[in-house]
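For reference, the structure discussed in these notes is given below.
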Amino acid sequence: MTHLIVPFAAVVSEAGRHAASTLALPHLERLLSRCAAGATFGDDERSLSTPHELALADALGWPAEDGLVPWAAARARDDGVTVGDRPWGLLTPVHLRLGTEQVSMTDPADLQLDEASSRALFEIVRPLFESEGFVLQWGAPLRWYASHDSLAVLPTASLDRVIGRHVDAWLPEVPAVRLVRRLQSEVQMLLHDHAFNAERDAAGLPAVNSFWLSDCGAAMPARHERPAPTVDGRLRRAALAEDWATWCDGWQALDAGPIAALVQAPAGTTLTLAGERRSASFTRAARPWWQRWRRVSASGVLESL
């Protein structure tokens, strides 16, 4: 059966919640009125994994353990890396911005890092990691992969938790993180005055001055995987940028498109709406005729996420 997951369907910022309260989502309300409530994940915007990641992991038959869902190994396999049974982590090149009171991460997509530049940068930082026993593999401009025994059970924060926020708050106080912090410092020192960033500055591009490690663990055996849900990520970038006009436009397009299609879908079809605090799933159910006219408030559901 169809399962649609919508990340960033709701947010925690006051401006974003106000924007959500202005939405008219008639197809979503019609769909919710025909659904039974299902599983929920998360209850705190401070969790390391986002609710939509936990919901997706559960849908795939993986353990939905906060900060320990092995997305890196799965993505590395998709990128052609031979992952074996070793633990892997996702290394994302990033720009850390120094503010008056905190260091925050900008969206890595804003780096505009192409393949040639990414591969050149990968070779610049690779020796630092290999000197500590890491194995590194290049997967894509913003997807590098690192393998090390310490990554087997290392809880890490999702990129979607850290973008636009103070990075220190998202580094758990566990012994293995000390090595990650030291490598971050060494990479930052190496890249500070490096010719690579001088060239980017001359081209008007932001410096790549650090990395973020996330999604650690060993790959799940393929036999544990179920058919993957569809994840519609159109709200993500606007939510992370706090561009509420664009976020609202995205919601209107969702309501008129994929969600309107689910209204006509058969019983058993599932919609998962994921906010920053929690996700909630709703499954189409065959209902008696006297329950078919109940009204569900879309704004109330979004407020609960």
Review point. What helices in the chain pass both tests, a Cα length along the helix axis of 15 Å or more and a mean Kyte hydropathy of 0.0 or higher, using whole DSSP H runs?
Key: 115-130, 175-192
Practice item. Run the dipole for segment 71-219 about the Cα centre, Lys and Arg Cβ at +1, Asp and Glu Cβ at -1, nothing else charged, and hand back the magnitude in debye, nearest 20. Key: 220 debye
Review point. Between rounded, prolate and oblate, where does segment 1-70 land on the alpha carbon gyration tensor, with a ≥ b ≥ c its root eigenvalues, rounded for a/c under 1.5, else prolate if a/b exceeds b/c?
Key: oblate
Practice item. Give, rounded to the nearest 20 debye, the magnitude of the charge dipole that the chain has about its Cα centre when Lys and Arg contribute +1 at Cβ and Asp and Glu contribute -1 at Cβ. Key: 1300 debye
Check your understanding: Can you give the FRET efficiency for T2 and R182, using 1/(1 + (r/R0)^6), R0 = 45 Å, r = Cβ-Cβ distance, to the nearest 0.05?
Key -> 0.45
Revision key, fill the gap. Residues T2, T269, T156, T22 in order from fewest to most other beta-carbon atoms within 10 Å are T22, T2, T269, T156
**Study point:** Size of the chain as Cα extents on the principal axes (Å, biggest first)
**Key:** 68, 43, 34
Review point. Looking at the square roots a ≥ b ≥ c of the eigenvalues of the Cα gyration tensor of segment 210-276, which shape do they give, rounded for a/c under 1.5, prolate if a/b is larger than b/c, or oblate?
Key: oblate
**Study point:** Burial ranking of peptide ranges 244-253, 82-91 (average Cβ count within 10 Å, highest at the top)
**Key:** 82-91, 244-253
Revision key, fill the gap. Restricting to Cα pairs under 8 Å and 6 or more apart, the percent relative contact order of segment 1-87 works out to 18 percent
Revision key, fill the gap. For the pair H166 and A24, the simple spin-label estimate (label points 7 Å beyond Cα toward Cβ) gives in nm 4.2 nm
Practice item. Any chance you could run the full-extension gain for E132 through E101? It's 0.36 nm times the residue separation minus the Cα-Cα distance, nm to one decimal. Key: 8.0 nm
Exercise for review: Report the FRET efficiency, 1/(1 + (r/R0)^6), for F196 and T82, where r is their Cβ-Cβ distance and R0 is 35 Å, rounded to 0.05.
Suggested key: 0.80
Study note, to complete from the structure: Sorted by chain and number, the residues with a modelled amide H under 5 Å from that of H3, at a separation of 5 or more or across chains, are T230, T270
Check your understanding: Counting only residues 5 or more places away or on other chains, whose amide H sits under 5 Å from the amide H of F211 once H atoms are built in the peptide plane?
Key -> V94
Review point. Can you list the residues, at least 5 places off or on another chain, whose amide H is less than 5 Å from the amide H of V103, using H built in the peptide plane?
Key: V167, D168
Check your understanding: Can you give the calculated 222 nm mean residue ellipticity of the chain, where each DSSP H run of n ≥ 4 adds -39,500 (n - 2.57) and the sum is split over every residue, rounded to the nearest 500 deg cm²/dmol?
Key -> -10500 deg cm²/dmol
Check your understanding: Tell me, what is the FRET efficiency for T246 and R46 to the nearest 0.05, using R0 = 25 angstrom and their Cβ-Cβ distance as r?
Key -> 0.45
Check your understanding: Whole-Hz Karplus ³J(HN,Hα) for segment 86-94, in order, using 6.51 cos²θ - 1.76 cosθ + 1.60 and θ = phi - 60°, x for Gly and Pro?
Key -> 7, x, 10, x, 8, 9, 10, x, 9
Study note, to complete from the structure: The simple spin-label model distance between R17 and A37, using points 7 Å out along Cα→Cβ, in nm, is 1.8 nm
Check your understanding: Which residue, chosen from L136, A195, P108, occupies the Cα position most advanced towards the positive end of the dipole of segment 71-219, where the dipole is computed from +1 (Lys, Arg) and -1 (Asp, Glu) charges on Cβ about the Cα centre?
Key -> L136
Check your understanding: Based on the mean of other beta carbon atoms within 10 Å per residue, what is the order of 36-48, 68-80, most packed first?
Key -> 68-80, 36-48
Revision key, fill the gap. Subtracting the Cα-Cα distance of A265 and A120 from 0.36 nm times their residue separation yields 47.4 nm
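A short reminder: the numbers here are calculations on the coordinates, not readings from a lab. The structure presented is a predicted model; accordingly, all values stated were derived computationally and were not measured. Please note: Cβ atoms are built from the backbone with ideal geometry, for glycine as well, and neighbour counts cover all protein chains shown.
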